[in-house]
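Right, one structure below, let's go through it.
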Amino acid sequence: MFLQQLINGLTVGSVYALIALGYTMVYGILGLINFAHGEIYMIGAYLGVIFFGIFTLMGLTASNLPLSIILTFILSIVYSSAYGYTIEKIAYRPLRHAPRLSPLITALGVSIFLQNYVMLSQGAKDKVFPSILSGGFTIGNATVSNLQIFIMMTSVVLMIILNLFITRTKLGTAMRATAQDKKMASLLGINVDKVISATFIIGSGLAAAGGMMIAMHYGLINFYMGYVAGLKAFTAAVLGGIGSIRGAMLGGIVLGLVESFGAGYISSEYKDVFAFGILILVLVFKPSGLLGENLQEKV
Amino acid sequence: MPKSSYFKILPVLILIGLTVFGCKKGEEPIANVIKIGTAGPMTGDQSAFGQDQQNGVKLAVEEWNLKGGVLGKKIELVVGDDQHDPKQAVSVANKMVNDGVAGMVGHFNSSCSLPASRIYNEQKIPMITHGSTNPQLTEQNFKGIFRICGRDDQQGKKAAEFVINDLKAKSVAILHDKTTYGQGLADEFRKGVEGEVKVTYHGGLTQGDKDFSAVLTNVKTGNPDLIFFGGIYPEGGLIVKQSRALGIKAPLMSGDGVIGDEFLNIAAADAEGTYATFAPDISKIPSAAGFVRTYTKKHGKPGPYSVYAYVAANILLQGIKDANSTDGGKISEAIHKIKYDGTLGTIEFDEKGDVKLSPYVIWQVKGGKWEQITK
C-alpha cells in the first residue's frame, strides 16, 4: 500500500510541478499571479484530444502510435504556447505599468473568458481521451501502469531541460537577470519584453504537456478542469516558494504525495483539505515557502 | 455542436423576442400562456442527464401544444440550469417563482431537489421530480412534491439483495460521492448488506475529482468481491477504469446514476460487467414504443431519464387540466388523485407523493451495452 500510494502521489505530483513552474516563472519576473495559467493546461488537454483525433482519422495512430503521440505532444505544446504568448500580449502587456491589482483582475477575466470560450466551442459535456499506452507491471503488491511511468519520465525530462535552459543558455540567463531586477536588466541591453514573452511561452508549453498527460491518464477532460488544477498548482508553487523554479518542482511533488498519503491513510473525503491544509502550515511557519530564499534577493 | 449554434442564435432570438413583445404589448394580455418549468444539470459534467430531461419535457409540451395546449392556452417551457449545484438550484427555483411557473419538472439531483423543494412548497408550486431518488425528499410532509422514480431505500435494498442472493459476494467496499444522492444510496446499501457481507472499506470521494487512485489503493488492500459506488457516471466511469489500472478485478455495482451511454464512453472496455439498479428497460415496455419512436426522430436515442421527464411533464399538465386552474394547491390535489395511464403503464401517487409500485431491476454492461438482467 505504501509503495502504491507513493507511485500515485508521484504521478499527480509531477504534473502539479509542471503547471506550478509556469506560475512561478511568471511570478518571478512580473510579480503577477497568472490565474489564466490553469486554463492553458485545460486548453492543452483539449488540443491533445483534437490532434490525437485528427491523427486517428488519418490512420497514423494505427500505423505508428509512438510517432502520433510525439506529434500530438509537439503540436499541442506549440499551439498552447501561442495561446500563452497571445494572452500576455493582449491582456498583460498593456498593463505593464498599471497598479498591481489591474493585471491580477485581467488574469481572472482571461481565465473566465477562456473557460467559456472552450465551453461554447467544444460543448459542455466531458470529452473522452482514448486509452493508449495501456498495460503495466507489478512491483510487490503495487501496480504501476506504463502511463504512470510515462508521465513521471516525461515530467522529469522536461524539468531537466528547463533547468539546463535556465542555467546554461543566454536567454535563460537573461530570464534570471530580469527576475532579479527588470530595470537593471534592460539597462544592460536585455530586451525585457522578449524575455517576458519567452517566459509565457515556456510556462504555457509545460502546462499543456501536463494537461495532455492528465487527459491520457484519466481519459476524461472538461472545460473547467483548469480551475482546480490551477489552484493546486498555485498551491504547489507557493509551497515551494513562489518565484523559485526548484521550489515549484519540489512543491508539486510534495503536494502530490501529501494528497495521496492523506487520502490513503487518513481519509479520502478530506483529500483537498490536506492539500490546502499544508499550504496554511507552510505559510504560517515558513512564509517564503520551502525553497523560497531567492525572494530576499529580489528585495 | 448544436450547443454552439444555439448560443450563436440566442442574442438574435432575444432581440426578436423583444420586438414581438414590444408590438403585442398594447393589444393583448401576456397571461395568454401557461408556463411550466424544468430544471436540472443542463451544462457541466452531468449535462447528458440534463439534456435528456429537457428533450423529454419539451416533447411532452410540444405534443400538448399541438392538441391545443392546456385550459385553452399555449404552454410555455422555462428551462433552468442548476449545474447540479445546490446553491445554484436555489437561485433557479427563485427565478422560476418569479417567472410565475404553474408547476415544475425536476430537479434531477437529490441535492438540488431538496433545497429547491422548500422554495416551491412555500409558493405552493407543484414539483414532480423524474430522477431524485433520495427518500428525504418526500418525507418532508410537503403537499405538492412528487416523484415518478423510485427511492434509494428501495434501490439500495434491491442492490443489497442481489449482492447477497445472486452474486453471493462475501465482501464489499463501499464508495460514495458525498452528495445527498450518492451518500444516501451508499448508506441504504450498507444497511441492506450489514451482517451478511463484510464491508472492507467505506469512504467518500470528491465529486469533480479525477484522481481516485489513493482511495482505490485502500479498496485494493481489503480485496473485496465487489465495489459499490453511490454516485453519478463521471466519477463512476473513472472509478472502474482506475480500479482496473490498479489491478482490482472486483466488478463495480452502482445505482441509477451510472446508467446511460456516457458511463460506457468514459470507462470504455473496463465498463464490461458493471452492475446497476434501475427501472425496467423501456424498449421492452409495449406502451413506451410510441414515445421511443417520436423521441428518436427528434432528439436521437432516448437517455435513461428522458422518458421519466416526459411522463412527469405529462402528469403535471394533466394535473393542471384536471384542476381546471393554475392554482398550485388545486393542481397538487389533482395530481394526488390522478391515475395516469401512459407511456410507463399506470402511475399513481401515495399520500407522500411517492409513486406506488416502483420496481427496481438489475442491469449489467454486456458487450458494451447496458442490459436488463433480472425481472
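Applying 1/(1 + (r/R0)^6) with R0 = 35 Å to the Cβ-Cβ distance of residue B:296 and residue B:95 gives a FRET efficiency near 0.65.
Quote the FRET efficiency, to the nearest 0.05, computed for residue A:265 versus residue B:269 with a Förster distance R0 of 35 Å and r equal to the Cβ-Cβ distance. Let's see the in-between values first.
Numbers: r = 32 Å, r/R0 = 0.90.
Given R0 = 35 Å and the Cβ-Cβ separation, E is 0.65.
Starting from the range B:340-375, pick out the GluC sites (Glu not before Pro) whose DSSP state is loop and whose Cβ has at most 16 other Cβ atoms within 10 Å. Of the GluC sites (Glu not before Pro), the ones in loops of the range B:340-375 whose Cβ has at most 16 other Cβ atoms within 10 Å are B:348, B:351. Springs between Cα atoms under 10 Å define the GNM used for chain A, and in it the highest mean-square fluctuation of A:245, A:280, A:266 occurs at A:266.
Exposure proxy ranking for A:39, B:139, B:76, based on other Cβ atoms within 10 angstrom of each Cβ and starting from the fewest, stands as B:139, B:76, A:39.
Quick check: from the Cα gyration tensor, does the range B:152-278 come out rounded (a/c under 1.5), prolate or oblate?
Values: a/c = 1.38, a/b = 1.21, b/c = 1.14.
Judged from the Cα gyration tensor, the range B:152-278 comes out rounded (a/c under 1.5).
Sorted largest first, the principal axis extents computed over the alpha-carbon atoms of the range A:2-298 equal 55, 46, 37 Å. If the cut-off is a Cα-Cα distance under 19 Å, which aspartates and glutamates reach residue A:286, setting aside same-chain residues fewer than 8 apart in sequence? Cα-Cα hits under 19 Å: A:297. Would you mind checking B:35/B:73; B:157/B:241; A:125/B:95; B:249/B:375; B:87/B:124 for any pair whose Cα atoms are more than 18 angstrom apart? Cα-Cα > 18 Å for B:157/B:241; A:125/B:95; B:249/B:375; B:87/B:124; rest within. Between A:290, A:58, A:25, the Cα set farthest toward the positive side of the dipole of chain A (charges on each charged residue's Cβ, about the Cα centre) is that of A:25. For trypsin sites (Lys or Arg not before Pro), the sites in the range B:183-254 that DSSP calls loop and that have at most 12 other Cβ atoms within 10 Å are B:249. Here's the list of lysines a cross-link from residue A:170 could span, going by alpha-carbon distance under 23 Å and ignoring same-chain residues fewer than 8 apart: A:89, A:182, A:183, A:194, A:298.
Quick check on the protein assembly as shown: helices-only [θ] at 222 nm, where DSSP H runs of length 4 and up contribute -39,500 (n - 2.57) each and the sum goes over total residues. Nearest 500, please. List each step's numbers first, then the result.
On the way: 25 runs with 383 residues, N = 674.
-18500 deg cm²/dmol, from helical runs alone.
Of the residues B:192, A:172, A:210, the one whose Cα sits farthest towards the positive end of the charge dipole of the protein assembly as shown is A:172 (charges of +1 on Lys and Arg Cβ, -1 on Asp and Glu Cβ, taken about the Cα centre).
In summary, the aspartates and glutamates within cross-link reach of residue B:301, defined as a Cα separation below 17 angstrom excluding same-chain residues under 8 places away, comprise B:52, B:261, B:262, B:281, B:371.
Can you pull out the trypsin sites (Lys or Arg not before Pro) in the range B:283-356 that DSSP calls coil and that have at most 12 other Cβ atoms within 10 Å? Walk me through the intermediate numbers first.
On the way: sites: B:284, B:293, B:297, B:298, B:321, B:330, B:337, B:339, B:352, B:356; in loops: B:339, B:352, B:356.
Hits after loop and neighbour filter: B:339, B:356.
Whole angstrom only: what separates the Cα centroid of the range B:243-287 from the Cα centroid of the range B:165-211? After rounding, the separation between the Cα centres reads 16 Å. Only one residue of A:94, A:15, A:140 has its Cα farthest out toward the positive end of the dipole of chain A, where Lys and Arg carry +1 and Asp and Glu -1 on Cβ, and that residue is A:94.
Cross-link pairs exceeding 24 Å in C-alpha to C-alpha distance, out of B:158/B:339; B:321/B:352; B:191/B:366, comprise B:158/B:339; B:191/B:366.
Exposure proxy for B:358, A:121, B:113: other Cβ atoms within 10 Å of each Cβ, ordered fewest to most, give A:121, B:358, B:113.
Hey, got the dipole for the protein assembly as shown? About the Cα centre, +1 on K and R Cβ, -1 on D and E Cβ, debye to the nearest 20? Don't skip to the answer; put the middle values down first.
On the way: 60 positive and 51 negative charges, 267 e Å.
Roughly 1280 debye for the protein assembly as shown.
Just how far, in whole angstrom, is the range B:292-339 from the range B:114-164 if you go by their alpha carbon centroids? For the range B:114-164 versus the range B:292-339, the Cα centre distance is 17 Å. Within the listed set A:256, A:241, A:140, the residue fluctuating most in the Gaussian network model of chain A (springs between alpha-carbon atoms under 10 angstrom) is A:140. Label-to-label distance, residue A:165 versus residue B:123, with points set 7 angstrom from Cα along the beta-carbon direction: 5.5 nm.
Bear in mind these aren't lab numbers, they're just calculated from the coordinates by the rules spelled out. Since the model is a prediction, treat every value here as computed from it, not as a measurement. For neighbour counting, all protein chains shown are included, and Cβ atoms are generated from backbone atoms with ideal geometry for every residue, glycine included.
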